[in-house]
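Below: one structure, written as structure tokens.
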Amino acid sequence: MPEPDPNSSAKERVLFLCTHNSARSQMAEGLLRHLGAERFEAYSAGTEATRVRPLAIKAMQELGIDITGQQSKTLERYLDQPFDKVITVCDQANEACPVFFGARERLHWSFPDPSQATGSEDDQLAVYREVRDAIRERIERELL
């Protein structure tokens with residue numbers, strides 16, 4: 001049998017959780033997948049499933065990151081899976097999040113909900129950009 005390669009290690013599995021899995025957790029999944037693909041496997045889920053918001057998709061496309069293939073899903077599908085980190089990105093999910101017995105570390109990053117933005121589409125998109133950039137900065141600072 002060949003010896004295991006000491007230089008190759010399994011990728012860290014990170015799950016981002018939010019209430020509806022429609023914007024913040026979707027952007028976080030796309031960002032980590034894009035920025036840290038060689039080191040991380042990124043996933044996202046919600047306490048409820050809805051849809052990926054079009055303005056989240058648009059904000060990510062501005063960075064050249066395509067999240068159109070991502071789907072909103074509930075966290076039940078991940079409850080029995082091991083994760084290195086489970087990160088809640090909204091306060092409601094943090095309060096409602098079950099204990100992930102397979103998670104080595106549980107973190108909470110609070111970001112405002114861009115889907116609550118009002119005004120014109122440009123005004124709303126500006127809020128999505130702010131949240132996207134805050135998530136990116138946090139990923140770069142704490143994960144990469």
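The values are calculated or read from the model by the stated rules, or taken from the named source; none is laboratory data. What you see is a predicted model; the values in this text were computed from it and never measured. Please note: Cβ atoms are built from the backbone with ideal geometry, for glycine as well, and neighbour counts cover all protein chains shown. All accessible areas refer to the heavy atoms of the entire protein, side chains included, with ligands and DNA or RNA removed. Shrake-Rupley method; radii C 1.70, N 1.55, O 1.52, S 1.80 Å.
Can you give the charge dipole size of segment 59-144 about its Cα centre, rounded to the nearest 20 debye, using +1 on the beta carbon of Lys and Arg and -1 on the beta carbon of Asp and Glu? Before the final figure, lay out the partial values.
Numbers: 10 positive and 17 negative charges, 80 e Å.
Dipole of segment 59-144, to the nearest 20 debye: 380 debye.
Using modelled amide H (1.01 Å from N, peptide plane; none on Pro or chain starts), what sits under 5 Å from the amide H of THR74, excluding residues fewer than 5 places away?
GLY46
In what sequence, largest accessible area first, do ARG106, ARG132 appear using a 1.4 Å probe?
Details: ARG106 95, ARG132 15 Å².
Sorted descending by solvent-accessible area, the residues read ARG106, ARG132.
Could you report the chain's accessible area per residue, 1.4 Å probe, as an integer in Å²? Working shown, then result.
On the way: 7770 Å² over 144 residues.
In whole numbers, the chain has 54 Å² accessible per residue.
Ordering HIS34, HIS108 by accessible area with a probe of 1.4 Å, largest first, what comes out? The partial results should precede the final answer.
Values: HIS34 100, HIS108 65 Å².
From most exposed to least exposed: HIS34, HIS108.
Tell me, what HN-Hα J-couplings in whole Hz come from the Karplus equation 6.51 cos²θ - 1.76 cosθ + 1.60 at θ = phi - 60° for each residue of segment 121-129, using x for Gly and Pro?
Using θ = phi - 60°, the values come out as 4, 5, 4, 5, 4, 4, 5, 4, 5 Hz.
Take each of the peptides 47-60, 18-31, average the number of other beta-carbon atoms within 10 Å over its residues, and list them starting from the highest. Please report the intermediate quantities before stating the final value.
Working: 47-60: 18.6, 18-31: 27.6.
In decreasing order of mean packing, 47-60, 18-31 become 18-31, 47-60.
Which net charge results for the neighbourhood of ARG77, defined as the other residues with beta-carbon distances under 15 angstrom from its beta-carbon, given Lys and Arg at +1 and Asp and Glu at -1?
-3
Translational diffusion coefficient, Stokes-Einstein: compute it for segment 44-144 using the Kirkwood radius over C-alpha pairs as Rh, at 20 °C and 1.002 mPa s, and state it as an integer in µm² s⁻¹.
Rounded, D is 145 µm²/s.
Taking only Cα atoms, what is the 0 to 90° angle, nearest 10, from helix 24-35's long axis to the longest principal axis of the chain?
Long axis of 24-35 versus the principal axis of the chain: about 50 degrees.
Taking only DSSP H segments of four or more residues, each worth -39500 (n - 2.57), what value at 222 nm results for the chain once the sum is divided by all its residues, to the nearest 500 deg cm²/dmol?
Working: 4 runs with 48 residues, N = 144.
Helix contribution divided over all residues of the chain: -10500 deg cm²/dmol.
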